[in-house]
Structure formats: C-alpha cells, structure tokens
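Enquirer: Handing you this structure, nothing more for now.
The values are calculated or read from the model by the stated rules, or taken from the named source; none is laboratory data. Bear in mind that the values here come from a model prediction, so they are computed numbers and not experimental data. Counting neighbours? That spans all protein chains shown, and the Cβs are built from the backbone with ideal geometry, glycine included. Please note that ligands, DNA and RNA were not included when accessible areas were found on the heavy atoms of the full protein model with its side chains. Shrake-Rupley method; radii C 1.70, N 1.55, O 1.52, S 1.80 Å.
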Amino acid sequence: EAEAVLALNDALAERSPEWCDFFVEAIGEFVINGTAPKGYVSDENAAWLIARLDRDGSLDSMAELELLVRVLERASDAPASLKTYALAQIEQAVLTGTGPTRRGGELSPHCVSDAEAQLLRRVLFAAGGDAPAAVSRAEAELLFRLKDASRGAPNGPEWKRLFVQGVGNYRQGLASPSAQIGRERAAELEAFMA
C-alpha cells in the first residue's frame with residue numbers, strides 16, 4: 001500500500017494540500033508504526049524511505065520533505081541516517097537555491113529563508129534524532145556551514161534566531177544520553193510487558 005501511495009505521488013503533476021496531508025500521514029504511519037515496536041523507525045524502513053525518495057538524486061516535492069520532517073518529529077527514535085538525509089536536503093536547497101523548500105519563494109542560493117529556518121528547527125529539535133530536543137555537534141557544524149555560506153545575504157529573521165538558539169543549545173550541552181531509549185531496548189521492554 002505504501003508503494004502504491006508513493007507511485008500515485010510520483011504520477012501527480014500537481015499536489016493539492018489535501019493530497020500532501022494524506023501522503024505525509026499514510027507514508028509516515030507506515031514508516032513509524034509498520035514494524036514493532038511501534039513509534040520507532042527501523043533501519044530497514046529508513047533505508048527504504050531514503051531510497052524511494054532519492055531515486056533521482058533529490059526530493060521532488062515539498063510533500064516529500066514534509067514527510068521526512070514529520071517522521072522525525074513523530075518518531076520516538078529514528079536512525080541517524082534519516083535525520084542526516086533530511087538535513088542534507090535542506091542544506092542543498094540553501095546552498096544551490098533549488099529544491100522543494102523554495103516552492104513559492106524566490107530562488108536565491110546561499111540565503112536562508114524563514115521557511116527553511118523553520119524546517120531546520122523542526123528537524124534539529126525533533127524527537128527522532130541524534131539528540132532529541134537538543135542540537136548535536138554535527139548539527140551545530142551544519143548551522144555554521146550555512147551561516148558561512150549565507151553571510152551577507154538577505155536571510156530571514158527566523159534564521160538568525162535559529163542560529164543563535166541552535167548553537168547556544170549545543171554549547172550548553174543540553175543533550176542527555178538517557179533522553180531516549182533505542183529501538184532495540186524499546187522492543188525488549190515491549191516484549192517484557194507483553
């Protein structure tokens with residue numbers, strides 16, 4: 001069923017807001033709750049999703065990017081590869097001025113719009129990542145790369161706020177190693193409770 005929904009999405013020339021909502025919810029449900037334990041993205045599902053979305057080297061629509069972001073927000077834990085992939089897609093859009101985050105906006109490379117900053121914020125502080133509700137070292141380095149690439153550009157006010165808050169979060173060391181349990185431990189606990 002997930003493959004059929006993805007095939008329909010690929011065939012659409014125009015994606016209505018209703019379709020995008022359905023697409024994100026349906027595929028997200030499969031990726032997050034398709035395998036036990038529910039709420040955790042398996043390595044297999046993450047690899048499948050990345051391969052399916054990246055078949056031509058980039059995301060084709062804002063719906064696909066929203067799917068990645070929503071999966072990371074809703075999952076209790078997700079493989080680092082999924083978060084890394086989502087952040088790379090946003091970074092590529094900022095550096096090249098192309099990609100799904102630019103829909104409806106002006107194409108300007110090396111500029112971080114408010115929409116991109118909001119997507120970055122959602123991914124950086126998502127529950128299903130390396131440091132839930134905290135910024136990891138790799139993520140702080142991404143923020144610095146984007147800052148260097150967009151220096152002097154007409155960046156959105158949201159970007160400036162995110163940069164300061166994100167780097168400050170990393171520097172304060174707010175990440176806790178026990179902030180989340182991994183998929184394997186969740187499966188053990190679920191089996192024990194059953």
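Enquirer: Can you compute 3J(HN,Hα) from phi for each residue in the range 6-19, using the Karplus curve 6.51 cos²θ - 1.76 cosθ + 1.60 with θ = phi - 60°, rounded to whole Hz and x for Gly and Pro?
Expert: Calculated HN-Hα couplings, in order: 5, 5, 4, 4, 5, 7, 6, 7, 10, 10, 6, x, 5, 5 Hz.
Enquirer: Another question, then. Under unit Cβ charges (Lys, Arg +1; Asp, Glu -1), what dipole magnitude, rounded to 20 debye, does the chain have relative to its Cα centre?
Expert: Computed charge dipole of the chain: roughly 900 debye.
Enquirer: Check Asp77: other-chain or 5+ apart residues with amide H under 5 Å from its amide H, H built from backbone geometry?
Expert: Hits under the 5 Å cutoff: Val41.
Enquirer: Do me a favour and compute the ellipsoid semi-axes for the range 23-62 from its Cα gyration tensor, root of five times each eigenvalue, largest one first, whole Å.
Expert: Here the semi-axes work out to 20, 12, 5 Å.
Enquirer: Label points 7 Å out from Cα along the Cβ direction at Met193 and Gln172: separation in nm?
Expert: Between Met193 and Gln172, the simple spin-label model gives 3.1 nm.
Enquirer: Tell me what the chain gives for mean residue ellipticity at 222 nm when only DSSP H runs of n ≥ 4 count, each as -39,500 (n - 2.57), the sum divided by the residue total, rounded to 500 deg cm²/dmol.
Expert: -19500 deg cm²/dmol
Enquirer: Moving on to the next point. Please identify, among Ala80, Ala13, Ala93, the residue showing maximal mean-square fluctuation in a Gaussian network model of the chain using a 10 angstrom Cα cutoff.
Expert: Greatest mean-square fluctuation among the candidates belongs to Ala13.
Enquirer: Tell me which label goes with the value of semi-axes √(5λ) of the Cα gyration tensor in Å computed from the coordinates here: (1) 28, 24, 11; (2) 28, 22, 16; (3) 39, 21, 14.
Expert: (1)
Enquirer: Turning to a different aspect of this structure: With point charges of +1 on the Cβ of Lys and Arg and -1 on the Cβ of Asp and Glu, referenced to the Cα centre of the chain, which listed residue (Ala2, His110, Tyr85) lies farthest in the positive direction of the dipole?
Expert: His110
Enquirer: While we're on this one: Counting just the Cα atoms, what span does the range 1-80 cover along each of its three principal axes? Round to the nearest Å and put the largest first.
Expert: 35, 26, 21
Enquirer: Then there's this: Which of Ile32, Ala126, Leu67 sits closest to the plus end of the dipole of the chain, meaning its Cα is farthest towards the positive end, when Lys and Arg get +1 and Asp and Glu get -1 on the C-beta?
Expert: Selected residue: Ala126.
Enquirer: Heads up, I need the accessible area for Ser16: 1.4 angstrom probe, whole protein in place, Å², nearest 10.
Expert: The accessible area comes out at roughly 50 Å².
Enquirer: Which residues make up the longest stretch of the chain that has no GluC sites (Glu not before Pro) in a DSSP loop with at most 14 other Cβ atoms within 10 Å?
Expert: 15-105
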